[in-house]
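The structure appears below as structure tokens.
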Amino acid sequence: MEMLKKVLVSISVFVLAFFGVFAGPVSAKIIAEENRPVMVAKTEVVDDDLFIGAQTVEMAGTVNGDLFIGAQSVTISGVVKGSVYVGAQNIILKSAIINGSLFVGAATVSLESDSQINGSVYVGAGTLSVDSQIKRSLYAGTGNLMIGGNTLIGKDLYYAVGNEQGGASISPQAKISGNIYKSEVDTSTPQQTAKASYSGVKLMAGLLSLAGSLVVAFFYLKFFGDHFTQVSKLLTTSFWKSLGVGFLVTIAAVPGFILLLVTVVGIPLAGVSFLVFLLFAYLAKIVVSQPLGEWISKKLNWKISFYGASAFGLLTMYIIGVIPFFGPLVGLVIFWVGLGALTLQTLSKFK
């Protein structure tokens, strides 16, 4: 667990620092501190999106945009005009006001009684404690859920928990305006306990991956919007071509690397090619997310922002991905299409 925390923090800080140094001037505020805590004072106002990567974060100020945090320990007690995206070990909301939605992947999450979220809350956590106001719905996948008497949920409550060594405790004084949808995992036998534990770990890993993808997607869209637009255009105008190229790149990657490695001259090129392949493999689902989210929102007649479409597309991919057999198959198609589009866009630069 300690190694996981260090890896999570190190990756967050590295990504934030990389974009902050090499992406050029942007309006968003970026704070990346690997060994020092980050404190945003109550009197501080950020008139744009705020990105923070650090070991410990205390956010007491005002953010007139979205807030993105990757850290070990996070305390939010300020005002965020947009939405909040957090991947951390421990998260506390204390006297916080969030006008948008809250997306969280963590070991422990505490939403205290004097906090208010005007959108929905999406949480994947080992332990979730809620005693705050949520104007829309709460979606929770957790081992232990505690809902206190000061809780007010404006719409529905969706939760999945284990029924042994944990479970759900909902205070009779809690006010839930909509319906309650629950899914409990049976852990009455060792086999079922192991299965539940595996499912919990898989859920946590998936939610942390989703949180990380959201952060990277917003960096990519904000700093490299032109490149993203060009790749998206390829996805919509040359879907089958992108799919075919992605498939060919996948099956040719390993033989190509081996061929370069057997020659002394080709070793540096093999290293660079491998790093580019890893980068494209990670970005593949991200470049597909925005066109996918925009397409679905149009079908549903929703008005959604450019960034919102990407977040919605990633969330849709995550939901589809948990469907047995069908999910991995769709994920493979998404990977090939995104990889192919990125490859085609790169090759077009050499024409």
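Observations on the model:
- Gly293 within 27 Å of Tyr122 (Cα to Cα), buried (at least 19 other Cβ atoms within 10 Å of the Cβ) and under 21 Å from the mean Cα position of the chain (by Cα): yes
- Helices (runs of 4 or more DSSP H) contained in region 183-296 and holding at least 2 residues at pLDDT 80 or above and among the polar types (S, T, N, Q): 225-237, 239-261
- Any hit, region 301-313, residues being modelled with pLDDT of 75 or more and more than 17 Å from the chain's Cα centre (by Cα): yes
- Per the conditions (1) surrounded by 24 or more Cβ atoms within 10 Å (Cβ to Cβ); (2) closer than 24 Å to Asp156 by Cβ; (3) modelled with pLDDT under 90, the sole criterion not satisfied by Ala88 is (2).
- Figure legend. Inter-residue proximity from region 33-48: first residues within 17 Å of Val84 (Cα to Cα) and assigned by TED's automatic domain parsing to the domain that holds Ser77, second residues modelled with pLDDT of 90 or more and in a strand (DSSP E or B), beta-carbon distance below 6 Å, spacing 6+ or different chains. Indicated pairs: Val38/Val57; Met39/Glu58; Val40/Met59; Val45/Thr62; Val46/Val63.
- Residue in region 106-127 that is surrounded by the fewest Cβ atoms within 10 Å (Cβ to Cβ), counting only those that are over 18 Å from the mean Cα position of the chain (by Cα) and among the aliphatic types (A, V, I, L, M): Ile117
- Filter result for Gly293 (more than 22 Å from His227 (Cβ to Cβ) and of a type in the set (Gly, Ala, Ser)): no
- Options Lys175, Lys94, Lys135; residue that is among the charged types (D, E, K, R), at negative phi and crowded, with 18+ Cβ neighbours inside 10 Å: Lys135
The values are calculated or read from the model by the stated rules, or taken from the named source; none is laboratory data. Only a predicted model underlies this, so the values are computations on that prediction, with no experimental measurement involved. In this analysis, Cβ positions are derived from the backbone assuming ideal geometry, glycine residues included, and neighbour counts consider all displayed protein chains.
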